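What follows is a short report on a single structure.
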Amino acid sequence: MGQWGYERQHDALDVDGEEEAEQRDALEGARDWVDDHVDRWHTVLPDLDPHIEGAVTRMQYLADHLRRVGERALAEYGLRREEHETLHALARSGWHTTLPQLAMDLGEAPNAVTERLDALEKRGFVTLSSAGTGKGTPGDGGQEIALTDEGHTTWLGAIDAAGAEERRLLGTLDWYERTLLASLLRRVVLSVEGHDEG
């Protein structure tokens, strides 16, 4: 982005102080391990675009880092990834849904979800019932699933733990830089969506 981005940030938006701007300006000349990676491969592949290689390698590295942090957060709360995804789907659906709808939201067969729900029920994270008849039977198409307060607290805690690292990483950017990064990545994602549709 260069100096122009910082000048626009401070002159037009006046969000950060000069000290923060100077610290970020100093980082423009800093190198990370990806720079060394690109330099090594550029000698082997002279036609390698250093900007594309650098961007893709950094995106892969950051995605892998955030995945590991997310897995640690789930482990701290004693959740498997698929259990957290189930709680996530329930929270998104307004805390309650039916078994067929939940299975559809998760992209899985209902019988593949029932064992997971049984484990979550035993921990007090969800309740399973059939309308007007008390507890439902696994695989019952009329079975209703509800997220409990404890399940919501656990789901939210795991999200906050992983989100703290996301905020720390992107907190190294100012408001304008975060907005610009999101916009640029959106353009890249849209090019993927357009290609997949074609």
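The values are calculated or read from the model by the stated rules, or taken from the named source; none is laboratory data. As the structure is a prediction and not an experimental result, all values here were calculated from the model. Counting neighbours? That spans all protein chains shown, and the Cβs are built from the backbone with ideal geometry, glycine included. Each accessible area value is taken on the protein alone, full model and side chains, heavy atoms only, with ligands, DNA and RNA left out. Shrake-Rupley method; radii C 1.70, N 1.55, O 1.52, S 1.80 Å.
If you count only protein heavy atoms with a 1.4 Å probe, what accessible area per residue comes out for region 41-182, rounded to a whole Å²? Don't skip to the answer; put the middle values down first.
Details: 8350 Å² over 142 residues.
In whole numbers, region 41-182 has 59 Å² accessible per residue.
Highest mean packing first, where packing is the average number of other Cβ atoms within 10 Å per residue, the peptides 59-67, 76-84 line up as 76-84, 59-67. The amide H of HIS96, built 1.01 Å from its N in the peptide plane, has LEU147 as neighbours under 5 Å, considering only residues 5 or more places off or on other chains.
Atom-type composition of the exposed protein surface of region 92-131 places 55 percent of the accessible area on carbon and sulfur (1.4 angstrom probe).
Stretched out fully, how many nm does the piece from LEU180 to GLN60 gain, at 0.36 nm a residue minus the Cα gap?
Working: separation 120, 0.36 × 120 = 43.20 nm, distance 1.93 nm.
Separation in residues times 0.36 nm, less the Cα-Cα distance, equals 41.3 nm.
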